[in-house]
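The values are calculated or read from the model by the stated rules, or taken from the named source; none is laboratory data. Remember, predicted model here, so these are calculated numbers, not experimental data. Cβ atoms come from the backbone with ideal geometry, glycine included; neighbour counts cover every protein chain shown.
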Amino acid sequence: MTIAPPDPAADPARPRLRTVHYEPGPREAPARVAPSPPPRHEHPSSAAREFVDAHHGATRILRLALEVLAGRRSHIQLAPHFAPEPLRYWRALLGQRLSRTPVRRGRMHLCMPRSGVAEIAVPCEIDGAVRALAARFERTDGHWQCTAVRLLRGGTLPRPS
């Protein structure tokens, strides 16, 4: 018994296979492709670098300030990082604390209104109450310094009617 090959005209829905030549033949030269150039490592813009630098500097100073508020460090350690007015404000906060419970901070939100200036907002849990910390940092002589700080008391938000 012999099997006849299928007739492509008889069955139009059946796909036809074609041979694909993906390697050069014995007398053909291989196709040459120009090598791709090495990937260029783009350097981040100066604004992006400054944002990262501000984030690291503000985080470090903020952590130090909250450790002072928790009583784990002396307020004298804040002097190089705080301008005189915010330092007086922070020292006054130390006297208002009722207990020395640990201070927990939330996620820091940072914006840079202009070059060399960073403003942050951080939710903090202090003495069992959630409060908002707002601060302004300015870059002077290559170092970040806190030039304004406020610890806002929590309040109730009006309910939508």
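Of A79, A148, all but one fail to be closer than 12 Å to A65 by Cα and either modelled with pLDDT of 95 or more or touching a helix residue (DSSP H, G or I) at 6+ places or on another chain (Cβ under 9 Å) (or both); the exception is A79.
The single residue among G95, G116 that is at positive phi and either touching a Ser or Thr at 6+ places or on another chain (Cβ under 7 Å) or not hydroxyl-bearing (S, T, Y) (or both) turns out to be G116. Between L69, L62, the distinction of being among the hydrophobic types (A, V, I, L, M, F, W, C) and at pLDDT 90 or above belongs to L62 only.
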